[in-house]
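To start, the structure under review is shown below, and the notes come after it.
The values are calculated or read from the model by the stated rules, or taken from the named source; none is laboratory data. Here the structure is a predicted model, which means the values were calculated and not measured. Note that each Cβ is placed from the backbone with ideal geometry, even for glycine, and that neighbours are counted across all protein chains shown. In case anyone asks, the SASA skips ligands and DNA or RNA and just uses the protein heavy atoms, side chains included. Shrake-Rupley method; radii C 1.70, N 1.55, O 1.52, S 1.80 Å.
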Amino acid sequence: MRINNIPVRTWNRLKVNDVEVEVSLPKSLLEYTEVVPKEVDSIVGKGIGHLADISIRTGLGKEFDDLISDSNHKVSGYVISENTDVKKPLYQTFEIGDEKKALNILDYTVEENGNLTVIQTIKEKNDMPATYLMQNKLRVAKNATLTIVQVQMLSDKKTFLNDFGAHLCEGGSLNLIQIVLGGKESYYGLFTELEGPESKVEASVAYTMSGSSKLDMNYVANHHGKNTESNFNVSGVLKDRAYKLFKGTLDFHKGCSGANGAELENVLLIDDTITNKTVPLILCDEEDVSGAHGATIGKLREDLLLYMKSRGIDEKEAYRIMERAQIDAVANKIDDKKTREEITDYLDKIL
Amino acid sequence: MKEKTQVNDIDRSFYDFRNEDADAFKVDAGLTKDIVLEISKEKNDPDWMRELRLKCLDIYNSMEVPDWGPSLDALDIDNIFTYVRPNMRGMQNDWENVPKDIKETFDRLGIPQAERKSLAGVGAQYDSEIVYHSIRDEAASKGVIYTDIESALKTEYADMIKERFMKVLPPTEHKFAALHGAVWSGGSFVYVPKGVKVDFPLQSYFRLNAKGAGQFEHTMIIVEEGASVHFIEGCSAPKYNVANLHVGAVELWVGKNATLRYSTIESWSKNMYNLNSKRAVVEEGGKIEWVSGSFGSHISYLYPMSVLNGKGARAEFTSVTFAGEGQNLDTGTKIVHNAEDTFSYVNTRSISKSGGINTFRSSVVIGPDAHGSKSSTSCESLMVDSISRSDTIPAMDVRCADADVGHEAKIGRISDETIFYLMSRGLSETEARALIVRGFADNVSKELPLEYAVEMNNLITIEMKGSIG
């Protein structure tokens, strides 16, 4: 199937419009562990009320979503009631074992004025080849806030298809923090429907890719509501023969006056054998908006390198420090000490 | 109620006049092997050119229409006349020998006056044929060649043309490059010898008069080591209620430490499909400068490409695009860095109004050998009303760690902060807004010779009343 399709196509020879993957579903879902705060209702299905009826598009695209939707696998749903501020995070750990194929389908609903933080950690028990499919659908009601932290710590034998879709009502806010620390092939998608006025999405992604690993990202902010806001901040490091493609789309639809969108990308390149592709789209059907994109792609700045050398740090060590800094800058946004320490420990192991 | 700024649509009346259809000859509408052979015969092609045309026709028939740009569904090649010869035989070097109606056309467009005032040479194409070419003695005496390709094919430059024709821009590049190869006619050949600096620009002007016709001119410019030249092309057509088609091809070679500036002021009528291709290959220390103003056409696909093959080669692309009612202009650039220490700079502006659609599309590729290369892109789009559309679709592909790539894109209306700043410096709100809108297209007009900058500014008549937004 073809996934991670950009909303408007460009030259086919650039090979960025979409990507072909072979996907089939496992017979059963991956069992996972979780610590669920008492205010969170765990249910089977998409929650209740008007938000459950909303059809949510996802970043990996229609073909992948249809595959998931048409399966008989159950959806793990989580619902936060109105005016409920869940102080403790909902921890979830997905650990791939001997399965060659694994799948989880998750659905989160935060009702009006609710607040929830979810921390997902994706790991493996062994480094056998496997494909892991995950879909998260996020429903954020009026003035509610949902924070999703997702840390991926897979080896270079794992393929990971990671699909997000979100619908935000008036004043709703989604904060997505993703740390990508491995994987053989990783396909990340996010499609955010900023339906209600004043709704807001912020996605912060940090990655380090090495060996022959591949990371393909497709993030879309669909602005419909007035004064909506989107921010995509993506930073990372590429070394060896690693491949990264970031596609970010700010799509301003008619009527979203006062909307603001920004995409910022910072890529540190270490080896000449890397491939770094960036496709930042801004689509504008409304005059009273502001959309911006900025990208800085390259090696370490000479002045920074010189400064570090003057402090006794050689070039190799300087790059290692900066590689770590790229991850830390995003990891420090995670309001959970335990998760930050886990990332630090993992970085100590792989860098 | 806020009074909106009125940014006038392009005043096309200057270009919108037509001569009676008194063409001496035209092929049947459509595209068949017989039509291609008929054009080849009419052009008195050498054998290799006839074979190339037939090969291009096969490629055209085997390729798909692009699936990524503005719709071309309303363009039916079966209704296009691919070759229309005006009522004269042979290109003229004396303006007085050009037929009266054609001469009057170019007089009205100001071409002879421009030649006298500020050009080193001028070429004029009417429908499918070059009708006039001239070059100043001082340029000719330095060995500069400026003529039509058919004439050049009969000179010592024939082998040079054969060696290079459709090599930089091969017919396999896309369906319309193949179409061009099959039915091309007219265009210019420029050769600037080693070390020669041409002080005044050369200009070619393309006029398409015939209803339902296509224009397929081929431009080849070779600038040898250490030489420099500025080439300007202009184009216009009267408006008809059927589709006209422009599928030109421009192939440029910029030698070691040479400089070529290629400026275009495009004012095709709003029934025109402008599917033009332009490409430059730049050697060590050479520089290509594209300056582009796109104002006309119903639909445009236009992405001048720079291939930086030599160490230290440079490309600059500066453009302004104005899309008004009924226009869908998909424009941008492609740059390929193949050698170390190469540099590219892209600076584009677009204005959309009255339902016009602007798309900025670009591709910057830094190849594995392009160590120390730098690329910087800045594109800004201004939406003047709520019924227009503006998209930016850039792509960057970096295969080398030792490179520095920057990209900035902005879409939106004029910010209130900028207005407040200028007002704090003593300007009225109206003056501040007028200043910003007028200055928006300055990136291109300041790069043109004065006469052309004035012409371009005349194209955009901007009246400021109240506020934008």
**OP:** Looking only at the stretch B:41-71, count how many residues are away from every other protein chain (no Cβ under 14 Å), part of a loop (DSSP other than H, G, I, E, B) and surrounded by fewer than 17 Cβ atoms within 10 Å (Cβ to Cβ).
**Re:** 2
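Matching residues to (1) in the same structural domain as B:His371 (by TED's automatic domain parsing); (2) at pLDDT below 95; (3) in a strand (DSSP E or B):
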site: B:Glu266; (1), (2), (3): yes, yes, yes
site: B:Ser269; (1), (2), (3): yes, yes, no
site: B:Lys278; (1), (2), (3): yes, no, yes
site: B:Tyr301; (1), (2), (3): yes, no, yes
site: B:Ser306; (1), (2), (3): yes, no, yes
**OP:** Scan the stretch B:394-402 and give yes if some residue there is modelled with pLDDT of 90 or more, within 19 Å of A:Asp285 (Cβ to Cβ) and facing chain A (nearest Cβ under 7 Å), otherwise no.
**Re:** yes
Subject >> Residues of the stretch A:254-303 classified as open to solvent by less than 30 Å² (accessible area, probe 1.4 Å), among the small types (Gly, Ala, Ser) and within 7 Å of another protein chain (Cβ to nearest Cβ), total >> reply: 4
Subject >> Residue satisfying all of: in the stretch B:348-379; buried (at least 20 other Cβ atoms within 10 Å of the Cβ) and charged (D, E, K, R); farthest from the other protein chains (Cβ to nearest Cβ) among these >> reply: B:Arg349
**OP:** Specify the residue that is nearest to B:Arg207 (Cα to Cα); the eligible residues are those in the stretch B:280-298 that are crowded, with 23+ Cβ neighbours inside 10 Å and at pLDDT 95 or above.
**Re:** B:Trp290
Subject >> Lone unmet requirement of (1) surrounded by 19 or more Cβ atoms within 10 Å (Cβ to Cβ); (2) of a type outside the set (S, T, N, Q); (3) within 14 Å of chain B (Cβ to nearest Cβ) for A:Ile179 >> reply: (3)
Original post:
Conditions: (1) touching a Leu at 6+ places or on another chain (Cβ under 9 Å); (2) open to solvent by 60 Å² or more (accessible area, probe 1.4 Å); (3) over 30 Å from B:Thr331 (Cβ atoms). A:Pro7 meets all but one. Number of the miss?
Top reply: (3)
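Quick grid of which residues meet (1) in contact with a helix residue (DSSP H, G or I) (Cβ under 9 Å, 6 or more places away or on another chain); (2) surrounded by fewer than 18 Cβ atoms within 10 Å (Cβ to Cβ); (3) under 22 Å from A:Ala130 (Cβ atoms); (4) in contact (Cβ under 8 Å) with a residue 24 or more places away in the chain:
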| position | (1), (2), (3), (4) |
| --- | --- |
| A:Ser24 | yes, yes, yes, yes |
| A:Lys27 | no, yes, yes, no |
| A:Val40 | no, no, no, yes |
| A:Ile48 | no, yes, no, yes |
**OP:** Report, by residue number, each residue of the stretch A:101-158 that is open to solvent by 10 Å² or more (accessible area, probe 1.4 Å) and basic (Lys, Arg).
**Re:** A:Lys101, A:Lys123, A:Lys125, A:Lys137, A:Lys142, A:Lys157
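Every residue, every condition in (1) open to solvent by less than 50 Å² (accessible area, probe 1.4 Å); (2) within 27 Å of the chain's Cα centre (by Cα), yes or no:
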{"position": "B:Pro394", "(1), (2)": "yes, yes"}
{"position": "B:Asp397", "(1), (2)": "yes, yes"}
{"position": "B:Cys400", "(1), (2)": "yes, no"}
{"position": "B:Asp404", "(1), (2)": "no, no"}
{"position": "B:Ala409", "(1), (2)": "yes, yes"}
{"position": "B:Thr418", "(1), (2)": "no, no"}
{"position": "B:Ser424", "(1), (2)": "no, no"}
{"position": "B:Thr430", "(1), (2)": "no, no"}
{"position": "B:Leu435", "(1), (2)": "no, no"}
**OP:** Please list, ordered by first then second residue, the pairs with beta carbon atoms under 6 Å, 6 or more apart or interchain, first in the stretch B:196-213 and under 25 Å from B:Lys256 (Cα atoms), second open to solvent by 20 Å² or more (accessible area, probe 1.4 Å) and not in a loop (DSSP other than H, G, I, E, B).
**Re:** B:Lys197/B:Ser228; B:Pro201/B:His230
Original post:
Which residue, of A:Leu60, A:Leu51, is within 21 Å of the chain's Cα centre (by Cα), away from every other protein chain (no Cβ under 14 Å) and of a type in the set (A, V, I, L, M)?
Top reply: A:Leu60
**OP:** Output the residue which, of all residues in the stretch B:380-392 that are in contact with a helix residue (DSSP H, G or I) (Cβ under 9 Å, 6 or more places away or on another chain) and either within 9 Å of another protein chain (Cβ to nearest Cβ) or surrounded by 22 or more Cβ atoms within 10 Å (Cβ to Cβ) (or both), is nearest to A:Leu14 (Cα to Cα).
**Re:** B:Leu382
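Condition first: touching a Gly at 6+ places or on another chain (Cβ under 9 Å) and touching a residue at least 24 places away in the same chain (Cβ under 8 Å). Can you find one or more residues in the stretch A:86-98 that meet it? Write out each step before concluding.
Within the stretch A:86-98, the first condition is being touching a Gly at 6+ places or on another chain (Cβ under 9 Å), and the residues that meet it are A:86.
Of the ones still in play, those that are also touching a residue at least 24 places away in the same chain (Cβ under 8 Å) are A:86.
Checked the stretch A:86-98: at least one residue is touching a Gly at 6+ places or on another chain (Cβ under 9 Å) and touching a residue at least 24 places away in the same chain (Cβ under 8 Å).
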Original post:
Can you find even one residue in the stretch A:62-75 that is in contact with a strand residue (DSSP E or B) (Cβ under 7 Å, 6 or more places away or on another chain), of a type in the set (S, T, N, Q) and loosely packed, with under 14 Cβ neighbours inside 10 Å?
Top reply: no
**OP:** Could you list all residues from the stretch B:345-393 that are farther than 16 Å from A:Pro280 by Cα and of a type in the set (D, E, K, R)?
**Re:** B:Arg349, B:Lys353, B:Asp369, B:Lys374, B:Asp385, B:Arg389
Subject >> Answer from B:Val242, B:Val282, B:Val254 - the residue that is in contact (Cβ under 8 Å) with a residue 60 or more places away in the chain and more than 23 Å from B:Ser352 (Cβ to Cβ) >> reply: B:Val242
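Please specify each residue of the stretch B:335-347 satisfying the condition of being in a strand (DSSP E or B), open to solvent by less than 10 Å² (accessible area, probe 1.4 Å) and closer than 18 Å to B:Asp402 by Cβ. Please lay out each step first, then the result.
Start the filter on the stretch B:335-347 by keeping residues that are in a strand (DSSP E or B), which leaves B:335-337, B:343-347.
Applying the additional criterion that residues be open to solvent by less than 10 Å² (accessible area, probe 1.4 Å) yields B:335, B:337, B:344, B:346.
Passing the criteria: B:Ile335, B:His337, B:Ser344.
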